[in-house]
Amino acid sequence: MKLGRIVPLNKLQKIIEVDIIEGEADSIDGINEIHKVSEGDVTFVDHPKYYQKALNSAATVVIIDKADVPNPLNRTLLLSKDPFSDYVKLVQYFRPFTPMTANVSATATIGEGTILQPNVIVGNHVSIGKNCVIHPNVVIYDHAIIGDHVVIHANTTIGADAFYYKNRGTHFERMVSCGRVIIEDFVEIGANCTIDKGVSGDTIIGAHTKIDNLGHIAHGVVIGKRCLIAAQVGIAGKTTIEDEVTIWGQAGISKDLTIGKKAIISAKSGVSKSLEGGKWYFGIPAREGKKAHRELAALRMLPDFLKQRK
Amino acid sequence: MKLGRIVPLNKLQKIIEVDIIEGEADSIDGINEIHKVSEGDVTFVDHPKYYQKALNSAATVVIIDKADVPNPLNRTLLLSKDPFSDYVKLVQYFRPFTPMTANVSATATIGEGTILQPNVIVGNHVSIGKNCVIHPNVVIYDHAIIGDHVVIHANTTIGADAFYYKNRGTHFERMVSCGRVIIEDFVEIGANCTIDKGVSGDTIIGAHTKIDNLGHIAHGVVIGKRCLIAAQVGIAGKTTIEDEVTIWGQAGISKDLTIGKKAIISAKSGVSKSLEGGKWYFGIPAREGKKAHRELAALRMLPDFLKQRK
Amino acid sequence: MKLGRIVPLNKLQKIIEVDIIEGEADSIDGINEIHKVSEGDVTFVDHPKYYQKALNSAATVVIIDKADVPNPLNRTLLLSKDPFSDYVKLVQYFRPFTPMTANVSATATIGEGTILQPNVIVGNHVSIGKNCVIHPNVVIYDHAIIGDHVVIHANTTIGADAFYYKNRGTHFERMVSCGRVIIEDFVEIGANCTIDKGVSGDTIIGAHTKIDNLGHIAHGVVIGKRCLIAAQVGIAGKTTIEDEVTIWGQAGISKDLTIGKKAIISAKSGVSKSLEGGKWYFGIPAREGKKAHRELAALRMLPDFLKQRK
């Protein structure tokens, strides 16, 4: 999330208790978790395993729980007893939750020719383009951006929070999401789908992509253009689906993967690794369809084969 | 979809640019895609592979992109540069989308003793029978027909559009659905289900059938009487489920299949072929349960078997 | 369900036609199906297979369709031609369905600091604790109890009826649910989930447990504390999930099972048996992950192995 303004570090120090221990930067203009950082951002790191990733990232300022770490790019370090919680505090400060007072927020913008059917909920600062049809009882959380000629069917939820928690032993602490959902032109989304907002970046549904009913698109997923995603498909956090991918019903795709352009994933597949484009995949775990079917054919023969060998 | 009136072909020619090139009929009384045609209908065909199917169907009038095709039944042919788009234009003309102006349309009829809980949306020309309970936030799109003693749980969507697109290379063109959902007497539907309307025919849920939460029933599916369909099941377009079929949780059934009477499909199965009735099925792809379990038992032994052979 | 008062048997006899045939008790204070009975309850039994279970249970009064059965604990027996229907009649009498007249029932209690977003439906006698956020279009059926600091995302349905029917040959007769949903403190539930009420007992989501979008939790399921349940998971009726269990996306768990503490169930698994805690499971049917992966590795080799042996 970019803030749209420059915030000096001493302002941050009024929100969270941190010491500036090194580095030259004296301000930030964005707050992002490590997967989405760019110059000007503050991010956080709280595990030695990720120190180097954070300190070598594009982030200008890093909230960290250890001093005396190699800092080759001279990032500005904010020493914190609990970087995760301090990061969450910043998000909450700069993007506070504002309860709604009407079905359609006065801060939302709705384009010409767009039809909102009854009981549609449009959150704060949502933007909806022209000539869309939003069917009844659709819920669009704050800050979503929806293009032109988009259709969203009834009871779909756009922009719920990321399913992202830090295990504190006695409880889970929620990462507060401040990302957005961006739905490009000519996208159509079925009924009772869920498309979560990004943790700090955007969940993006590319132009002309069509999603059938009861689909789940997790936080930070980026779907390309002209994809077809059949009913009850689930795509886990931060996975990238390139253009013109086809995913058939009830398939599931794990987090942090990339599915190449024009890949075809059969119904009920479970994808646990990134897949090259232009090929057909099947199975749990998904593998090339031809190979998977060869294995299934062999399995058909196995009982008799083993019986003969006894 | 039958129109309930006779429309002369010269009326169609004011809506779409087509030439009448042969045949005797001079009017239509219905608009249907090829899977649902009956006498009096106009349909369309735009691929040589399906010319004969269309020209030998019951349709009286065929929108087609080629002259000089064998036409043994002397169907009336309307020559079009783009039969798909012209067909869609006719659907849109005769069944235009009419935005709602109230939660319950003034054109809907609600039977005696039926309870609509808060925020139920009842579309235009919907008919709901007697003694039903429609729980909160259910959305029923236009033209659905619901029988007596039906229960529909919260947040379910009845009658969203078919997931049916024509790939135009640069984009997908949506088939505009004009079919209905018909829910017969004593059906009960769980929470957060989706039951799509037919493309031009009807999606039918037979009397006394019960569907659990988060089920997906696609366009044109016909489900028989006294079926039990557990949670999170998905049934793809135009599949027929005969009477007294039991489908357990998270199973999926592909499109255009027939599942025979009293078949039992185990949880998580993926059905890719039509299945005979009276038997039990399991697996992805689903096969007879006994066979599937014999294969699983053999697979259990395989690692040790292969190790010994090395 | 406990009634909160003592009801004499002659009161029951005004509601259902039964003869008292033996036993000393002359009143009840609860109505429960056999899985949830405690002292003071009336329950029912209508199949010889379960007579002994019912007559040896803690229930004080049993509606039964046969006299002259061994009754070692001297339970009071009510002879009925149709125990199932008579039991249902009692439930309907003591817990009648009361249509709502407002989005938030006047009989509901909402704690301080709790935010109800637009179009939330809160049923009769629902209790919601402090500092909760209930997002738009959530539906909470009657009698649910929700703790403090709970978050429920949009379009989720809490407390729909159990999917539980008696097959009468010509039709299915619905068991009328009178149980509750209990959601403990700090639970968070994603968008478009369904959590059904118990048949007569409670569906419980333990403190600090987090459930992602499109999850299905059936009637009477008891989930422990600090569990993580990813998107599109389904858990069937009366299964117990102990504390700190992790269930990944699209997994399904059959009814009446127990999943031990700290078990981890991989995505897309289908659990058909109870599982010991502290281990990792995978597959359909789910087995220990290491074993399942050994089998998958063997299956990869099988086609070439069989080819060489031909």
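The values are calculated or read from the model by the stated rules, or taken from the named source; none is laboratory data. Note that the structure is predicted; figures quoted are calculated from it, not measured. Quick reminder, even Gly has a Cβ in these numbers, built from the backbone with ideal geometry, and neighbours come from all protein chains shown.
Data for the structure
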{"quantity": "Segments classed as strands (runs of 3 or more DSSP E), wholly inside segment A:1-69, with at least 3 members that are surrounded by 13 or more Cβ atoms within 10 Å (Cβ to Cβ) and free of Cβ contacts under 8 Å to residues at least 60 places away in the same chain", "calculated": "A:19-22, A:27-31, A:41-45, A:61-64"}
{"quantity": "Selection within segment A:217-232 - surrounded by fewer than 24 Cβ atoms within 10 Å (Cβ to Cβ), part of a loop (DSSP other than H, G, I, E, B) and more than 11 Å from chain B (Cβ to nearest Cβ)", "calculated": "A:224"}
{"quantity": "Members of segment A:72-93 found to be surrounded by 20 or more Cβ atoms within 10 Å (Cβ to Cβ) and of a type in the set (Lys, Arg), listed by number", "calculated": "A:75"}
{"quantity": "Test: residue in segment C:97-113 that is closer than 30 Å to residue C:255 by Cβ and outside any loop (DSSP other than H, G, I, E, B)", "calculated": "no"}
{"quantity": "Which numbered condition residue A:119 misses (of (1) in contact with a Pro (Cβ under 8 Å, 6 or more places away or on another chain); (2) under 26 Å from residue A:32 (Cβ atoms))", "calculated": "(2)"}
{"quantity": "The lone exception for residue B:181 - which of (1) outside any strand (DSSP E or B); (2) closer than 27 Å to residue B:264 by Cβ; (3) in contact (Cβ under 8 Å) with a residue 40 or more places away in the chain it fails", "calculated": "(1)"}
{"quantity": "Residues within segment A:134-149 that are surrounded by fewer than 19 Cβ atoms within 10 Å (Cβ to Cβ) and facing chain C (nearest Cβ under 9 Å), tallied", "calculated": "0"}
{"quantity": "Test: residue in segment A:197-216 that is in contact with an Asp or Glu (Cβ under 6 Å, 6 or more places away or on another chain), part of a strand (DSSP E or B) and surrounded by fewer than 24 Cβ atoms within 10 Å (Cβ to Cβ)", "calculated": "yes"}
{"quantity": "Conditions (1) farther than 28 Å from residue C:285 by Cβ; (2) of a type in the set (D, E, K, R); (3) without any contact (Cβ under 8 Å) to a residue 60 or more places away in the chain; number of the one not met by residue A:273", "calculated": "(1)"}
{"quantity": "Any chance residue B:131 is crowded, with 22+ Cβ neighbours inside 10 Å and either β-branched (Val, Ile, Thr) or at pLDDT 95 or above (or both)", "calculated": "no"}
{"quantity": "Members of segment A:141-178 that are assigned to a strand (DSSP E or B) and free of Cβ contacts under 8 Å to residues at least 24 places away in the same chain", "calculated": "A:165, A:167, A:172"}
{"quantity": "Qualifying residue in segment C:202-210 (condition: in contact (Cβ under 8 Å) with a residue 60 or more places away in the chain and among the hydrophobic types (A, V, I, L, M, F, W, C))", "calculated": "yes"}
{"quantity": "Failed criterion for residue A:237 (all others in (1) assigned by TED's automatic domain parsing to the domain that holds residue A:214; (2) buried (at least 18 other Cβ atoms within 10 Å of the Cβ); (3) out of contact with any His (no Cβ under 6 Å at 6 or more places or on another chain) hold)", "calculated": "(3)"}
{"quantity": "Selection status of residue B:152, surrounded by 24 or more Cβ atoms within 10 Å (Cβ to Cβ) and within 14 Å of chain C (Cβ to nearest Cβ)", "calculated": "yes"}
{"quantity": "When residues of segment A:94-128 are limited to those that are within 21 Å of the chain's Cα centre (by Cα) and surrounded by fewer than 20 Cβ atoms within 10 Å (Cβ to Cβ), the one farthest from residue A:13 (Cα to Cα)", "calculated": "A:127"}
{"quantity": "Pick from segment A:25-65, criterion more than 19 Å from the chain's Cα centre (by Cα) and among the acidic types (Asp, Glu), ranking: nearest to residue A:93 (Cα to Cα)", "calculated": "A:29"}
{"quantity": "Among (1) away from chain A (no Cβ under 14 Å); (2) not in a loop (DSSP other than H, G, I, E, B) - the single one residue B:92 does not satisfy", "calculated": "(1)"}
{"quantity": "Any hit, segment A:192-212, residues being of a type outside the set (S, T, N, Q), within 8 Å of another protein chain (Cβ to nearest Cβ) and at positive phi", "calculated": "yes"}
{"quantity": "Among (1) touching a helix residue (DSSP H, G or I) at 6+ places or on another chain (Cβ under 9 Å); (2) among the aromatic types (Phe, Trp, Tyr); (3) within 13 Å of chain A (Cβ to nearest Cβ) - the single one residue C:248 does not satisfy", "calculated": "(1)"}
{"quantity": "Restricting segment C:257-266 to residues that are in a strand (DSSP E or B) and surrounded by fewer than 24 Cβ atoms within 10 Å (Cβ to Cβ), the residue that is nearest to the other protein chains (Cβ to nearest Cβ)", "calculated": "C:264"}
{"quantity": "All positions within segment C:70-86 that are in contact (Cβ under 8 Å) with a residue 60 or more places away in the chain and not in a loop (DSSP other than H, G, I, E, B)", "calculated": "C:76, C:78, C:79, C:84, C:85, C:86"}
{"quantity": "Hits in segment A:71-93 - residues which are under 24 Å from the mean Cα position of the chain (by Cα) and either within 17 Å of residue A:177 (Cβ to Cβ) or among the aliphatic types (A, V, I, L, M) (or both)", "calculated": "A:84, A:85, A:86, A:87, A:88, A:89, A:90, A:91, A:92, A:93"}
{"quantity": "Condition broken by residue C:183, with the remaining ones in (1) crowded, with 24+ Cβ neighbours inside 10 Å; (2) more than 11 Å from chain A (Cβ to nearest Cβ); (3) over 18 Å from residue C:134 (Cα atoms) satisfied", "calculated": "(3)"}
{"quantity": "Scan of segment A:31-54 for residues that are more than 16 Å from residue A:86 (Cβ to Cβ) and touching an Asp or Glu at 6+ places or on another chain (Cβ under 6 Å), ordered by number", "calculated": "A:40"}
{"quantity": "Check on residue C:243, more than 24 Å from residue B:234 (Cβ to Cβ), more than 11 Å from chain A (Cβ to nearest Cβ) and at pLDDT 95 or above", "calculated": "yes"}
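Per-residue answers, yes or no, for (1) assigned to a loop (DSSP other than H, G, I, E, B); (2) among the β-branched types (Val, Ile, Thr); (3) touching a helix residue (DSSP H, G or I) at 6+ places or on another chain (Cβ under 7 Å):
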{"position": "A:238", "(1), (2), (3)": "yes, no, yes"}
{"position": "A:243", "(1), (2), (3)": "yes, no, no"}
{"position": "A:255", "(1), (2), (3)": "yes, no, no"}
{"position": "A:268", "(1), (2), (3)": "yes, no, no"}
{"position": "A:281", "(1), (2), (3)": "no, no, yes"}
{"position": "A:291", "(1), (2), (3)": "no, no, no"}
{"position": "A:301", "(1), (2), (3)": "no, no, yes"}
{"position": "A:305", "(1), (2), (3)": "no, no, yes"}
{"position": "A:308", "(1), (2), (3)": "no, no, no"}
